[in-house]
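Nothing in this text is a laboratory measurement; each read-out follows from the coordinates by a stated rule. Keep in mind it's a predicted model, so treat the numbers as computed, not measured. All Cβ positions, even for glycine, are placed from backbone atoms using ideal geometry, and neighbour counts span all protein chains on display.
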Amino acid sequence: MPLNSATTMPKWRRCLCVLAAVLAFFAILPSATSAQGNASDVQTVWRLLDYIAVDYEGAVSKGKIISPAEYAEMTEFAGTVRRGISGLPDKPGRAALEKAAGEIEGLIAAKDEPAIVAARSRELATRLLAAFPVPLAPRSLPELARGEKLYMQNCAGCHGATGDGQGQVSRGMNPPPIAFTDRERARQRSLFALYQVIGQGLDGTAMPSFAQLSNEDRWALAFYVGGFAFNDQKAGKELWNANADLRQKLPSLEALAGVVPATLARSFGDTKTDAVTAYLRAHPEALQADGPASLGIARVKLNGSLLAYQRGDRPEARRLALSAYLDGFEPVEPILSARDSALMAKIEAAMIAYRAAISSGAPVTDIEYQAAALDMRFSAAEAVLSPKMSSGTSAFLGALAILLREGVEALLVVVAMIAFLKKADRPQYLRYVHGGWLAALVIGVATWAVATYLVSITGAGRELTEGVGSLVAAVILISVGIWMHGKSSAASWQRYVREVMDKAMSRGSVWFLFGLSFLVVYREVFETVLFFSALVSQGNDYAVAAGAMTAIFLLAAVAWVMLKLSRSLPIGKFFAYSTVLIAILAVVLAGKGVGALQEAGVIDIAPLGLIPRVPILGLSPTWQSFGAQLFTAVIIVAGIWLNGRRAGLMAAK
């Protein structure tokens, strides 16, 4: 272990791992903060676009204004949409959104056909959510009884007890309260749109904001209100249970919250759509009980990416393709990996290939083919992710495999450090190693708590944290491995202990032990808690806990065996074996680090078809990832060669 600050370990190396740990921890914060900051503005713009899509036909018909008041409102809303988008954070794709908003404003000024304005408004709303993600569905099942109570307390006075718009205080209101029983209008309105209006109110009307209600209450109210126009629940239940195509179209609570019934009716007709809408809005638990885990965001953004590519907007297509992975697929990746790792690897590889094809300017037909193939794989994943596929055995094995995989990588380094100090007869410095990995555990759990309860860590933030941590750890381990090889001869080791050990310790190099121990363990803890959060969210808590405890027991046994073996090894063999293990780990982390940064969109992707994807080895079929591993291996080999040459020169003297 490199402890000599004078001759073998410069100060910059000692500071590197502590600094890297800080960088890795805080890399997630900017993306989390910015994502929260603009959510309200995005929701406002989305709500206005939804209103334009639904209400414009009441203002214009056949190129003529049929309601001056409605037309003035549509004109105002269109201008507000354009200005609202221009005020959003400057990021790739915003200019295209602003241009599209200006085109809608022009269509309204030209009194264009309602069908055209509605289609363009809905397309822009979809692209807006793809570019600036906001929550699209409730976090838990809405309570319809709670929604009914809130409606009677806050809404019935204007909208009527039955939702017909004839409440006791509705007389004289201009415009009058919306009749939720109007089926034609209800077919044009998603539950998400109702949720938005409840939270923000509607300018120019008597509809106030109910932002004081919790998110759960607003969703409960939206589901209750959204059911007034649809009442054939019995037929809807029969259709839902019998029609697999319908279940595929509405695979999740998020899909139900975002779907516009009129859009669904294009595939299934008004009668079937109305019945299924009645059933699911009254019984959303049918989705949680029988439906698969959500890949709705991935589908939406993949479709947006394809549309952008078809328009010739490659940067937007590439950005949305990246978002489809980070915001749509990555959240379910831990569960899918535990249940069907082969399918997970295929989807991950297909998404990388899709992004690479966009970057290389592949023909539109190729992009369409790849997008269709991905959508089919999403369907297969949703079947695997279905709660029906969840079992105590799968949860146990998933937790066991995840903790073992992540734990062994950290264990190799920490055990080597402990064994080194014991061989150096410096047990008093073990507290720095133990302090490092214990601090990593505490801060890792704190990171999970922050990500769960305070801010929303984006997919890019997660990948960036993992990528930075992996690469910095790889750099440090290269140095450690080469240093250990240089001490693999007994003579070199004895000389090192005799000449510099105590001086090195006194100069504070022990903090290097703390920093390296912290970094390698924190990186694994950060990823592990994300995986375990996903597993716990699927239930089977006791099975997950049992898997984790079994893995901890096995890791403790492995650590005991490694320490016992290290005590009996001659110093030369100890350093030689440790060098090999640490060198392998450095190569693995180099590949994982570059791969994570590619998934975060920081590094470009150039596919390398000859290389298989082997996640446990950090091996990925891209030139950048494989090149980083090859470069790491070359540096280690060169360092070992220089050590041998230096030892030969010293022996000759």
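Could you calculate the contour length gain from ARG183 to ILE552, that is, 0.36 nm times the residue separation minus the distance between their Cα atoms, to one decimal place in nm?
Details: separation 369, 0.36 × 369 = 132.84 nm, distance 5.74 nm.
127.1 nm is the gain from fully extending ARG183 to ILE552.
Each residue of segment 582-595 in order: what ³J(HN,Hα) in whole Hz does its phi give by Karplus 6.51 cos²θ - 1.76 cosθ + 1.60, θ = phi - 60°, with x for Gly and Pro?
Using θ = phi - 60°, the values come out as 5, 5, 4, 5, 4, 5, 4, 5, 4, x, 5, x, 5, x Hz.
Net charge within 14 Å of LEU306 by Cβ-Cβ distance, Lys/Arg positive one each and Asp/Glu negative one each, not counting LEU306 itself? Provide the component values of the computation, followed by the final result.
Working: positive: ARG127, ARG299, LYS301, ARG311, ARG314, ARG318, ARG319, ARG355; negative: GLU123, ASP313, GLU316, ASP366, GLU368, ASP375.
Within the 14 Å Cβ shell, the charges total +2.
Hey, could you get me the Stokes-Einstein D for segment 40-131, Kirkwood radius over alpha-carbon pairs, 25 °C and 0.890 mPa s, rounded to whole µm² s⁻¹?
Values: Rh = 12.8 Å.
For the chosen part, D equals 191 µm²/s.
Need the full-extension length gain, ARG567 to ALA110, defined as separation in residues times 0.36 nm minus the C-alpha distance. One decimal, nm. Don't skip to the end; give the middle numbers.
Numbers: separation 457, 0.36 × 457 = 164.52 nm, distance 8.44 nm.
That works out to 156.1 nm of additional length.
Could you work out how far apart the two model spin labels at MET376 and GLU148 are, taking each label as a point 7 Å from the Cα in the direction of the beta carbon, and quote it in nm?
Distance between label points: 4.6 nm.
Which residues' amide hydrogens lie under 5 Å from the amide hydrogen of VAL60, considering only partners 5 or more residues apart or on another chain, with H built in the peptide plane?
ILE66
Convert 4 °C to kelvin, take the viscosity as 1.567 mPa s, use the Kirkwood radius over C-alpha pairs of segment 296-388 as Rh, and evaluate the Stokes-Einstein diffusion coefficient in µm²/s, rounded to a whole number. Could you put the intermediate results ahead of the total?
Numbers: Rh = 13.1 Å.
Translational D for this selection: 99 µm²/s.
Please list, in order along segment 426-434, the HN-Hα scalar couplings obtained from phi with the Karplus expression 6.51 cos²θ - 1.76 cosθ + 1.60 (θ = phi - 60°), rounded to whole Hz, x for Gly and Pro.
These are the phi-based 3J(HN,Hα) values: 10, x, 5, 9, 4, 4, 6, 5, 5 Hz.
Which of the peptides 112-118, 71-77 is most tightly packed, and how do the rest follow, judged by the mean count of other Cβ atoms within 10 Å per residue? Mind showing how you got there, number by number?
Details: 112-118: 16.6, 71-77: 18.7.
Descending mean neighbour count gives 71-77, 112-118.
What list do you get for LYS91, LYS272 if you sort them by fewest beta carbons within 10 Å? Before the final figure, lay out each step's value.
On the way: LYS91 12, LYS272 19.
Lowest to highest Cβ neighbour count: LYS91, LYS272.
Give me the one-decimal nm value for the distance between modelled label points at ASP41 and PHE631, 7 Å along each residue's Cα-to-Cβ direction.
About 3.7 nm, to one decimal.
Under 5 Å between amide hydrogens, which residues at least 5 positions from LEU619 or on another chain qualify, with H placed 1.01 Å from N in the peptide plane?
Residues meeting the amide H criterion: VAL614.
Please list 3J(HN,Hα) in residue order for segment 348-360, calculated via the Karplus relation 6.51 cos²θ - 1.76 cosθ + 1.60 where θ = phi - 60°; whole Hz, with x for glycine and proline.
4, 5, 5, 5, 5, 5, 5, 5, 5, 5, 5, 4, 8
Between ALA545 and ALA362, what is the spin-label point distance in nm, taking each point 7 Å from the Cα along the Cα→C-beta axis?
4.7
Compute the distance from the alpha-carbon center of segment 72-120 to that of segment 245-285, in whole Å.
That distance is 28 Å.
How do MET207, MET344 line up, fewest other C-beta atoms within 10 Å first?
Details: MET207 19, MET344 22.
Result, fewest neighbours first: MET207, MET344.
Please label the shape of segment 186-321 as rounded, prolate or oblate, based on the square roots a ≥ b ≥ c of the eigenvalues of the alpha-carbon gyration tensor (a/c under 1.5 means rounded; beyond that, a/b larger than b/c means prolate, else oblate). If you can, show how the numbers build up before the last one.
Working: a/c = 1.79, a/b = 1.10, b/c = 1.63.
Cα axes put segment 186-321 in the oblate bin.
Would you mind ranking ASP425, ASP327, ASP203 by Cβ crowding within 10 Å, fewest neighbours first?
Details: ASP425 9, ASP327 20, ASP203 12.
Neighbour counts put them in this order, fewest first: ASP425, ASP203, ASP327.
Would you work out the charge dipole size for segment 296-388 about its Cα centre, treating the Cβ of every Lys and Arg as +1 and the Cβ of every Asp and Glu as -1, and quote it to the nearest 20 debye? Don't skip to the answer; put the middle values down first.
Working: 11 positive and 11 negative charges, 9 e Å.
The dipole of segment 296-388 has a size of about 40 debye.
What FRET efficiency comes out for the pair LEU441/ILE66, r = Cβ-Cβ distance, R0 = 51 Å, nearest 0.05? Mind showing how you got there, number by number?
Values: r = 67 Å, r/R0 = 1.31.
That pair, LEU441 with ILE66, gives E of 0.15.
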